[in-house]
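Worksheet: one structure, shown below.
Readers should treat all values here as calculations from the given coordinates under stated rules, not as data from a laboratory. What you are looking at is a predicted structure, and each value in this text was computed from that prediction instead of being measured. Heads up, the Cβs are rebuilt from the backbone with ideal geometry, glycines too, and the neighbour counts pull from every protein chain shown.
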Amino acid sequence: MSALDAALAAGRAEAEARMRDQVRLYRQGADVFDRTTGQTAPGPQTDLYTGKARIKGVTQSAEDTQAGEREVVLREYEVGLPWATALPSGVRLLPGDRVEILTSGDPRMGGLILWVVGAVFGEQSTAWRIRAEDRS
């Protein structure tokens, strides 16, 4: 093992030790319209990962934007997953996938749903970092 490999292994172990939140990464299927009831129901969810993570706020100030006729505040977060996290075979992370915070040391974050906007990959990274936003 080279010095670089040893340093990366140590960095990844330290990054993983800081992952104290539990999350579920999933893909939301398209909404389904029921012609009998006239109601639209959320489509099926496909779980991509469930386990430890580190949630970190990225921006200090939120950005107001319009969504339809409603004012929406976008807050950016970085979701760190263990570097070796693998998705199901043939699946790639896509914008619009979601991260549900199951538990956190910060009780205000439990149940929060974040929307994936991008991911950063790298052979010399210590964690898999996903950019996400809170669209509340």
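Some observations on this one:
- Note on segment 3-134: with charges restricted to the Cβ of Lys and Arg (+1) and Asp and Glu (-1), its dipole about the Cα centre is near 340 debye.
- For Arg135, nonlocal amide neighbours, meaning residues 5 or more places apart or on other chains whose placed amide H falls under 5 Å from its own, are Trp115.
- Taking label points 7 Å from Cα along the Cα-to-Cβ direction, Ser125 and Asp34 give a separation of 4.0 nm.
- Additional length obtainable on full extension of the chain from Ala6 to Val58, 0.36 nm per residue less Cα span: 15.8 nm
- Size descriptor for segment 3-134, Kirkwood hydrodynamic radius: 16.4 Å (Cα pairs only, one decimal).
- For the chain, the longest site-free run once trypsin sites (Lys or Arg not before Pro) in DSSP loop states with at most 15 other Cβ atoms within 10 Å are removed: 36-91
- Taken along the Cα-to-beta-carbon direction at a fixed 7 Å, the label points for Val73 and Thr103 span 2.8 nm.
- Rounded to the nearest 10 degrees, the inclination of helix 3-17 to the longest alpha-carbon principal axis of the chain is 40 degrees.
- Residues whose amide H comes within less than 5 Å of that of Trp83, counting only those at least five positions distant or on another chain, are Trp128 (H built at 1.01 Å from N in the peptide plane).
- Counting only DSSP H runs of at least 4 residues, each contributing -39500 (n - 2.57), and dividing by the residue count of the chain, the helix-based mean residue ellipticity at 222 nm comes to -3500 deg cm²/dmol.
- By the beta-carbon count within 10 Å of each Cβ, the least crowded to most crowded order of Ser104, Ser136, fewest first, is Ser136, Ser104.
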